[in-house]
Amino acid sequence: MIEETALTIRRRYELKFVIPKEMIEPISRFASIYCSPYKYSSNADNGFYCINNLHFDTPDYLFLMQRLDKCNRRLHLRIRSYLNSKKYRCFLEVKEKTGDIVNKYRAPLYDENWRRMFEDLDYSSCEEKDFDPNSSKTHFLKTAYFYNATPKMLSQYWRKAYVSNVNEYARVTFDTDLRYQPAGGYCIIQDENKVVSLDDETLFAQNATSYWNSSATPCRYPYG
């Protein structure tokens, strides 16, 4: 995969399905004819690697409402980490979706103190040179500041992924064991005392306030 610092649009189509776990292996066997395991899957004992996502939203949950209302144009901001990755700590990601087409901007964060970029106005990042007007990092920060978006939810799941051998960018991924908790600031590590499993839930919360404030509220994962 390409992981540039410069502003790069990766345009793609996304199709998502809910399947029983017993279908993962037969679909994987079929996909393996055309695809190879993604690098993180190759390094995992069972093919599944852990992903943490820190999801951003506006004070009135505009991004969540766009998804619940199935708006044709939607926006999604998140910071992602791969817990078994030693090279990068986190990635800034912006996903702009129009219908089934997604434009994705992505940039790695090498600075171990990246949280201070959001919490301390006087902090000077060691990656300062990357924040030029045409960088993906700048695009993420400008979007977050424009919408006054801050962390609202932390999610975690295990993914098995394949990448295409026959074209430039196609992927087949399986996500399982989905968990979430309300965000605790700019922390991307789960709190085992607060995290809630979502794999078996089928209902959305009645409103955003009850969703975020009640860990017992049954709901589907809102930022797929």
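Annotations for the structure displayed:
- Single residue of region 115-148 satisfying the filter (assigned to a loop (DSSP other than H, G, I, E, B) and at pLDDT 85 or above) that is least open to solvent (accessible area, probe 1.4 Å): 115
- Test: residue in region 57-67 that is in a strand (DSSP E or B), within 28 Å of residue 183 (Cβ to Cβ), modelled with pLDDT under 95 and open to solvent by 10 Å² or more (accessible area, probe 1.4 Å): no
- When restricted to residues that are within 20 Å of residue 154 (Cβ to Cβ), out of contact with any His (no Cβ under 7 Å at 6 or more places or on another chain) and modelled with pLDDT of 80 or more, region 76-103 contains 10.
- Residue ID - nearest to residue 18 (Cα to Cα), chosen from residues in region 149-170 that are modelled with pLDDT under 90 and under 19 Å from the mean Cα position of the chain (by Cα): 170
- Pairs meeting the criteria (first residue in region 155-173 and over 27 Å from residue 54 (Cα atoms), second residue modelled with pLDDT under 95 and among the basic types (Lys, Arg), beta carbons under 8 Å, at least 6 apart or on different chains) are 164/171.
- Qualifying residue in region 21-31 (condition: open to solvent by 10 Å² or more (accessible area, probe 1.4 Å) and in a loop (DSSP other than H, G, I, E, B)): no
- Residue in region 2-13 that is closer than 16 Å to residue 170 by Cα, modelled with pLDDT of 90 or more and of a type in the set (Ser, Thr, Tyr) present: no
- For region 159-177, a residue qualifies if it is of a type in the set (Phe, Trp, Tyr) and either outside any strand (DSSP E or B) or open to solvent by 40 Å² or more (accessible area, probe 1.4 Å) (or both), and exactly one does: 169.
- Of the residues making up region 178-195, those that are touching a residue at least 40 places away in the same chain (Cβ under 8 Å) and assigned to a strand (DSSP E or B) are 178, 180.
The values are calculated or read from the model by the stated rules, or taken from the named source; none is laboratory data. No experiment lies behind these values; they were computed from the predicted model shown. Heads up, the Cβs are rebuilt from the backbone with ideal geometry, glycines too, and the neighbour counts pull from every protein chain shown. Just so you know, the surface numbers come from the protein's heavy atoms only, side chains and all, with ligands and any DNA or RNA stripped out. Shrake-Rupley method; radii C 1.70, N 1.55, O 1.52, S 1.80 Å.
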